[in-house]
Every structure is written in C-alpha cells, then in structure tokens.
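The values are calculated or read from the model by the stated rules, or taken from the named source; none is laboratory data. Predicted model, so just to flag it, every value in this text is computed and none were measured. Cβ placement follows ideal geometry from the backbone for every residue including glycine, while neighbour counts extend to all protein chains displayed. Accessible surface is based on the protein model in full, side chains and every heavy atom, while ligands, DNA and RNA are left aside. Shrake-Rupley method; radii C 1.70, N 1.55, O 1.52, S 1.80 Å.
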Amino acid sequence: MDTTTVTSAPTGAGPAQGGESAKGLNSGALGLFASVVIGVASVAPAYSLAATVGVMAAITGIGLRGPFIFIVGFIPMVLVASGFYYMNQADPDCGETFIWTSRAFGAPLGWIIGFAAVASSVIVMSNLVYIAAQYMFYMVGMDSAGNSTLWTTVGGVAWIVVVGVFVAIGIKVSAKAQYVLMALQMIPMLLFTVWALVKGYATHPKGFSPIHLSWFFTTHMSSHALAAGVVLAVFLYWGWDTVLAVNEESEDSSHMPGVSAVLNTIILVLMYVVITAAMQAYHGAGFLANNSDDVFSPLARDVMGGTWDRLVFLCLLTSGAASALTTLLPLTRQTLSMAAHKSLPSIFGRIHPKYLTPFWGTIILTVLSILWYVLVTLWNANAIWDAISALGIMVCIAYGGTGLACTIYYRKELLKSTKNFFLMGVAPTVGAILFALILVKVLYDDYAPANSYTSFHGIGGIFLMGVGTMLVGLVLLVIMWIMRPEFFRRGPETWPGEGQPIPYADERVSE
C-alpha cells in the first residue's frame, strides 16, 4: 500500500453482540474525554510533582531548569507514543505491550516484556495508596497518624480495597469516579499555580525567582545532570498508556485510544512545565531542594496559608487515589489478555456476566497488591520509596520494547510512504534507543547502595527490587511455558496488510 494511514485488520477486539468485546468486556463504554481523564489520572500528576520537583532541583547542575528537563523527558515518551498508536491500530488488544511485543519478537520475549508492565503496576500501587492514606490523615488534622507506618499501612490497605471494588463492578463506574477525583485534584492545583504566580510577583517572598527563558531552553547543562533529570522525568510521565489497556472498552477502539495516548503526553508536559515554573518562582530552587520529600505541603502553607492549604492536601489525596484506580484498572485488563491468549491461568480472564469485568482477576490482583504493600512496609518503611524508583527499570523495558516492536512489526510497510517511514520506523525506534540508554543509566547508578534507602550486601535496594522482579518474571515465564506451551510456540509476525485477519486476535478465555 502507498497510503500513510494504517487501517486495522479485523481483530475480534471490537464490539460483539450485546455490546461486548471479543474478550467479553463492555465495548464502547469510554469516549475520548473519559479516556483522556483516565490517562492523565493514572500518572498522578499532583503526587508525581510533589515527590519529584524537589529532588530534581537538588541535582547539581539542574536547579531552576526543571521545566527544561520535563520538556526533554517528554521526547522519548512522545516518540514511543507513535509506536503505541500504530500498534493499537493494527491490534486494539487490552494486553497492549504484552501482545504487541509478542507479535513482533515472538511469544517468550513478548511475555517477559509484558510482565515488566504488569509488575510495575503491582509495585506502584503500594506507593500510591500510601500517599492517599497519608494525606487523608493530614487533611483532617491527624498528622500523627499520617506520620505513622502502622496507620498509613491500614489506610493504604483500605484504599486498595475501595479501588478494587470500583474496578470489579465496572468500567463506567470507574470512569465516573475518575471525573470526581480528577476535579478534586486539578482544581486545587490550578488554584495553587495561579495563586503562587500572582502572590510571588506581588510580594517577592524570600528566594523569589522571576521566570526566565533559561528555565525552558538551555545548553548550559552537564550530561550527568541531564541524564539524572530525565530518569526522574520517566517516573513523572509513566502511566499515560493506561488508555490503551482499556481500548477494548473504548469507542472506535482501533483509533481513539491511540489519539488519547498522544494527547495525554502533550497535556502532561504542558501541565508539568507550568506548575513547576510557578513552584520554583515563589521560593527558588533552594527551598524546593530543602523540601525534596514533599514540596507541595510547605509551599501550600506559604502560598495559600490558613485552612486553604487543606485544598492541596485534598489534591494529593485524590491524586494517589485516582492513580491507584487507574493503575489497577489496566492491570486487570493486561492479565485478562494474557489469560485470553493462554499465557496465564484462565481465572484471570473470566468475565463477570453482570459487570463485564475480569472479576476474579481483579480480586486476585487486589489481594496481591495488599500483600506486596504490607510486606514492603513490614520489611522497611523506607523500602516503599526504593520500590517506586525501581519502576524505572521496568518502565524502560516496557516502553522501549513496545517502541521497537512497532518498527519490527511494520517493517514491510516502512518504505511505502514517508509518513510510514518516520512515524512507524524512525520515531518509535529512536524512542526505544533513548529508553535503552536511560535503562543503562538507571542500572549503573542504582547498583550503588548510596542511591537507595535500603541495601543488601553492598547492592542498592532499587537495583535489587528492579532486577529481582525481572528475575522472578523469568521464573514465572518458565513455569507458564511448561504449563501452557501452546502460546510460547508462536513466532514473530509482521503486519498482514490492510483488511487481512491478524492471527489469534479473537481469542477468549473458555468458561
């Protein structure tokens, strides 16, 4: 073909009789607005900024150049987003990374890359519900409970249960809950940003730094500072692809989720750049670096004062809760796809006849998330922060693998048009290379115990959690290969061409 647009082949992922997708999900339940809300919420922008901006400002050579780092960190994300877009056009399967990399590289490698995406979601749940619990206590004036490992663990477990209930009873209910949570998150953030800029320029508080062009565009930065900052930016952007894990429940499943994914990355970079500029203008980089654990709380007290700072606590509470909801939601869909393609036990793919959700898979993953959270906090209260940092390893594997998969899968189409060459080939491949470089940087830096809160025999806790998780994945790969060998016999595929059926696209878990 000489066209520049790929028309998806019949995949079986679209609506079936009764409004169900091929896997039994509630097809067409999400429009573009709902999809964008879910995608942005999954990133937890308020919490991500609170936990990252101060750390970034403290890195030697970055200081006030945080907005520039966010712009640079956006580049590999939007490049691989092109790969996600075209892979979703070919096969709008809720397994996204898992099934797409399996098609491009063969089943075994695709399974382990898909496992990286699944594992990252389970791990991050502990951090998100911890934040939700902590700021829930702060908001009602129970600071001692918010600083207690016991009570934040109890509160976090309660949040996982609440999130599990919403995910189990249906995608529409989850989407409506997200509207409320996103409003409670975004309105206080917008109010805080405007208030900080207006008050800062009006009163010139201590450390006030007028916004300067060098914050957004600079050539005066060392490669070490740039690399360290971009690694942090990976954490801030991670999760935008959630919309592609609910593609089978979206309108126009082969096109709209891909558009939403690209929109999400653009919305996030604009949001991060503007809010960060306001935060660092008010008190300068030194204040942010001195409050690196949470810059929002002390800034809210200084900027808004009185009881208004409770709005920011509400913002962070809903940020953690909303992201936990949109983390468990795609997680259950990814494991549903793995079960449907017969690479996980079938219980993960059994659809509830009323709610049209992977009900039992949701229960299992909810329990697994609770166990992980409790075990991590019992081992070491600080291990939860190493766990979130370890995500970088799995995120790089999942995103980079999907970007490269697009080029491999469409390799016969790349020279048929200029658009195909750049958007199916160059963009996702360059994005994959950038993620590979970030992965090397993460592994090198995080091996040292000095860069982690925890360590074991001279090895950093971040490295151990990230690499250890992937080793567990390899063990599970061998077990599933023995138990369900049929899937693992599949070899690499190429896109069959417009209008041609894609192999195994209509698989559904047997009842």
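I'd like the accessible area for I482: 1.4 Å probe, protein heavy atoms, all chains in place, Å² to the nearest 10.
Roughly 130 Å² of I482 is accessible to a 1.4 Å probe.
With r defined as the distance between the Cβ atoms of E251 and L414 and R0 fixed at 22 Å, what FRET efficiency is calculated, to the nearest 0.05?
Efficiency, rounded to the nearest 0.05: 0.15.
Would you list the membrane-span-like helices of the chain, meaning whole DSSP H runs whose alpha-carbon atoms span at least 20 Å along their axis and whose mean Kyte-Doolittle value is at least 0.0?
66-90, 107-139, 149-169, 171-203, 223-237, 256-290, 309-340, 359-379, 383-409, 427-446, 461-483
Mind ordering 244-257, 271-284 by average Cβ neighbours within 10 Å, highest first? Please list the in-between numbers first.
On the way: 244-257: 25.5, 271-284: 22.6.
Descending mean neighbour count gives 244-257, 271-284.
How long are the semi-axes of the ellipsoid equivalent to segment 237-373, from square roots of 5 times the Cα gyration tensor eigenvalues, in whole Å, largest first? Walk me through the numbers before you get to the answer.
Numbers: eigenvalues 282, 71, 32 Å².
Value: 38, 19, 13 Å, ordered largest first.
For segment 48-147, what is the accessible area per residue in Å², given a 1.4 Å probe and the full set of protein chains?
21 Å²
When N is the residue count of the chain, what does its C-alpha Rg come to as a fraction of 2.2 N^0.38 Å?
Cα-based Rg divided by the globular estimate yields 0.94.
Between beta-carbons, use under 13 Å as the cut-off and find the net charge around L423, counting Lys and Arg +1, Asp and Glu -1.
Here the charged neighbours net out to +1.
Which percent of the accessible area of the chain is formed by carbon and sulfur heavy atoms (probe 1.4 angstrom)?
Result for the chain: 69 percent of the exposed heavy-atom area is carbon or sulfur.
State the number of lysine pairs found in the chain whose Cα atoms come within less than 19 Å, restricting to pairs 8 or more positions apart or on distinct chains.
Eligible lysine pairs with Cα atoms under 19 Å apart amount to 5.
Add -39500 (n - 2.57) for each DSSP H run of 4 or more in the chain, then divide by its residues: what number comes out at 222 nm, to the nearest 500 deg cm²/dmol?
Calculated mean residue ellipticity at 222 nm is -22500 deg cm²/dmol.
With every protein chain kept in the model, how would you rank L288, L191, L314 by accessible area, 1.4 Å probe, largest at the top?
L191, L314, L288
So, for segment 313-394, what is the accessible surface per residue at a probe of 1.4 Å, expressed in square angstrom?
Values: 2440 Å² over 82 residues.
Per-residue accessible area for segment 313-394 comes out at 30 Å².
Over the chain, what is the mean sequence separation of C-alpha contacts under 8 Å (at least six apart), divided by residue count, expressed as relative contact order in percent?
That works out to 32 percent.
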